Amino acid sequence: MSITTSRRSKESQWVPSIEGKSLSVHRQPKFHLRAGNMFLHQSGAHLQPGRQYAWLGTVEQAAAMRRTFSAAAGCKAIPQDEFSLDEVTP
């Protein structure tokens, strides 16, 4: 891992390194938290049927959501770009 400094806050933060290249927190892959066909709402309080207003974050943030919110405890991290046939309505 490498340390980078934000220009705005001048605070150091740890950024994971992939193949020797560090990724900005904003460029890391994003995931939805899902339990079956239901998505975790962005508030973390409940599950909802669609991706609109669904929670989206990094793997580390997903782990923190599972620890913090009971609704997220049983959810799996699903990549944001993964296409799901469950969402297609005829």
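The values are calculated or read from the model by the stated rules, or taken from the named source; none is laboratory data. Here the structure is a predicted model, which is why all the values come from computation and not from measurement. Please note: Cβ atoms are built from the backbone with ideal geometry, for glycine as well, and neighbour counts cover all protein chains shown.
The table below gives the values:
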{"read-out": "Residues of the stretch 1-57 satisfying the condition of being at pLDDT 75 or above, in a loop (DSSP other than H, G, I, E, B) and more than 16 Å from Pro79 (Cβ to Cβ)", "value": "Ser24, Gly36, Asn37, Gln42, Ser43, Gly44, Ala45, His46, Pro49, Gly50, Gln52, Tyr53"}
{"read-out": "Residue pairs meeting the criteria (Cβ under 7 Å; at least 6 apart or on separate chains; first more than 13 Å from Ala45 (Cβ to Cβ), in the stretch 63-74; second surrounded by 19 or more Cβ atoms within 10 Å (Cβ to Cβ))", "value": "Arg66/Ala72; Arg66/Cys75"}
